[in-house]
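The values are calculated or read from the model by the stated rules, or taken from the named source; none is laboratory data. The structure presented is a predicted model; accordingly, all values stated were derived computationally and were not measured. Note that we place each Cβ from the backbone using ideal geometry, even for glycine, and neighbour counts take in every protein chain shown.
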Amino acid sequence: MDSGFKDDSDGGYGVLRRLSAWGVHAFTGSGVVLGLLALLAAVNGEAKACLGWLGLALVVDGVDGTLARRASVKEVLPGIDGSALDLVIDYLTYVVVPAVFMYRFGLLPDGLGVALAAFIMMTSLYCFSNTGMKSGDNYFVGFPAIWNVVALYLWILALEPWINTAVVLVLGLLTFTTVKFLHPFRVRRWMRLNLLVSGAWLASSAALVVLYPDRPDAVWYVWLASSAYYAAVCLWRTLRGPVEA
């Protein structure tokens, strides 16, 4: 007996499967709304709110790929390019809003803010269009334009603008190198540990934003330790050289 949930005229997938796939795309698409809210918060001078919305967008981007694979969205909805959708949203939340954030909250030197924001956006275009941005074992090749994370660090650390300038320039130039950066949700080696450290980093980052300018020792040390772990893994993988998929 036909349950009514299958339609052979649409790839043979039932209504529930298609609704599930559309739901995943809608979840991914929510990132653009979070990006808009973050942008408005930055324009209105609300640094904590801006970072909060960007943090939620980061979580959405971190889990939507797993949901998409489980829902087989490529097969169920072949007419929708989820990768393109993801890139459009990521450019807003990883690049545009963080660049505006750095400019708006004085993290960049007077007179150089617009130029450095433009530098961030231009170098990120290469990252987003680079077909070789992932290694065979799913590490990012070159700096992966995670300017949302950079903005968070520069804001929490409250460094001098000229130091921030050096950081921005170095990271932007690393976009064009073969330095490896960890993707905690895709790299299979030490994945459980990577996810555990990522959770600790995300929780401690959220706490530091909420409590800013206070830095409770326990939260501060967790944040520094998880940051050091990321740096160590990236350095180890870079020095290891090319590997097969």
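Before we move on, is Asp81 at pLDDT 90 or above and among the charged types (D, E, K, R)? Judged against the criteria, Asp81 is not a match.
Report yes if Ser135 is of a type in the set (S, T, N, Q) and within 22 Å of Phe181 (Cα to Cα), otherwise no. It is true that Ser135 is of a type in the set (S, T, N, Q) and within 22 Å of Phe181 (Cα to Cα).
Return the residues of region 122-174 that are in a helix (DSSP H, G or I), aliphatic (A, V, I, L, M) and surrounded by 15 or more Cβ atoms within 10 Å (Cβ to Cβ); say none if nothing qualifies. Break it down into steps so the answer makes sense when it comes.
First pass over region 122-174, keeping only residues in a helix (DSSP H, G or I): 122-129, 147-157, 161-174.
Those left that are additionally aliphatic (A, V, I, L, M): 122, 125, 149-152, 154, 156-157, 163, 166-171, 173-174.
Val149, Val150, Ala151, Leu152, Leu154, Ile156, Val167, Val168, Leu171, Leu174, listed by residue number.
Going by the structure shown, is Lys74 surrounded by 14 or more Cβ atoms within 10 Å (Cβ to Cβ), over 26 Å from Leu174 (Cα atoms), charged (D, E, K, R) and over 12 Å from the mean Cα position of the chain (by Cα)? Full working, then the answer.
Numbers: surrounded by 14 or more Cβ atoms within 10 Å (Cβ to Cβ): yes; over 26 Å from Leu174 (Cα atoms): yes; charged (D, E, K, R): yes; over 12 Å from the mean Cα position of the chain (by Cα): yes.
Criteria met by Lys74.
Looking for something within 17 Å of Leu51 (Cα to Cα) and either of a type in the set (Asp, Glu) or modelled with pLDDT of 95 or more (or both) - is there at least one such residue anywhere in region 171-183? Explain how you work it out, then say what you get.
Going through region 171-183, the residues within 17 Å of Leu51 (Cα to Cα) turn out to be none.
Looking for residues that are within 17 Å of Leu51 (Cα to Cα) and either of a type in the set (Asp, Glu) or modelled with pLDDT of 95 or more (or both), one finds none in region 171-183, hence no.
In region 73-108, what residues are charged (D, E, K, R) and under 30 Å from Gly14 (Cα atoms)? Lys74, Glu75, Asp81, Asp86 - these are the residues of region 73-108 that are charged (D, E, K, R) and under 30 Å from Gly14 (Cα atoms). Close contacts from region 158-180, counting a first residue that is under 12 Å from Thr123 (Cα atoms) and a second that is part of a helix (DSSP H, G or I), with Cβ to Cβ under 6 Å and a gap of 6+ residues or different chains, come to Val168/Leu116; Gly172/Phe119; Gly172/Thr123; Thr175/Thr123; Thr175/Tyr126; Thr175/Cys127.
Yes/no matrix, rows are residues, columns are (1) surrounded by fewer than 16 Cβ atoms within 10 Å (Cβ to Cβ); (2) in contact (Cβ under 8 Å) with a residue 24 or more places away in the chain:
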position: Val43; (1), (2): yes, yes
position: Ala49; (1), (2): no, no
position: Arg69; (1), (2): yes, no
position: Pro78; (1), (2): yes, yes
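Residue check: Leu51 meets all listed conditions (1) out of contact with any His (no Cβ under 9 Å at 6 or more places or on another chain); (2) modelled with pLDDT under 90 but one, namely (2). Residues in region 101-116 that are crowded, with 18+ Cβ neighbours inside 10 Å and farther than 12 Å from Asn164 by Cα: Phe101, Arg104.
Results for (1) among the β-branched types (Val, Ile, Thr); (2) under 13 Å from the mean Cα position of the chain (by Cα), shown as yes or no for each residue.
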residue: Tyr126; (1), (2): no, no
residue: Thr131; (1), (2): yes, no
residue: Val141; (1), (2): yes, no
residue: Ala145; (1), (2): no, yes
residue: Val149; (1), (2): yes, yes
residue: Trp155; (1), (2): no, no
residue: Pro161; (1), (2): no, no
residue: Asn164; (1), (2): no, no
residue: Leu171; (1), (2): no, no
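Of all residue pairs spaced 6 or more apart or on separate chains, those with beta-carbon atoms under 7 Å, a first member in region 191-205 that is part of a helix (DSSP H, G or I) and a second member that is of a type in the set (Ser, Thr, Tyr) are Val197/Ser226; Val197/Tyr229; Ala200/Ser226; Trp201/Ser226; Trp201/Ser227; Ser204/Ser226.
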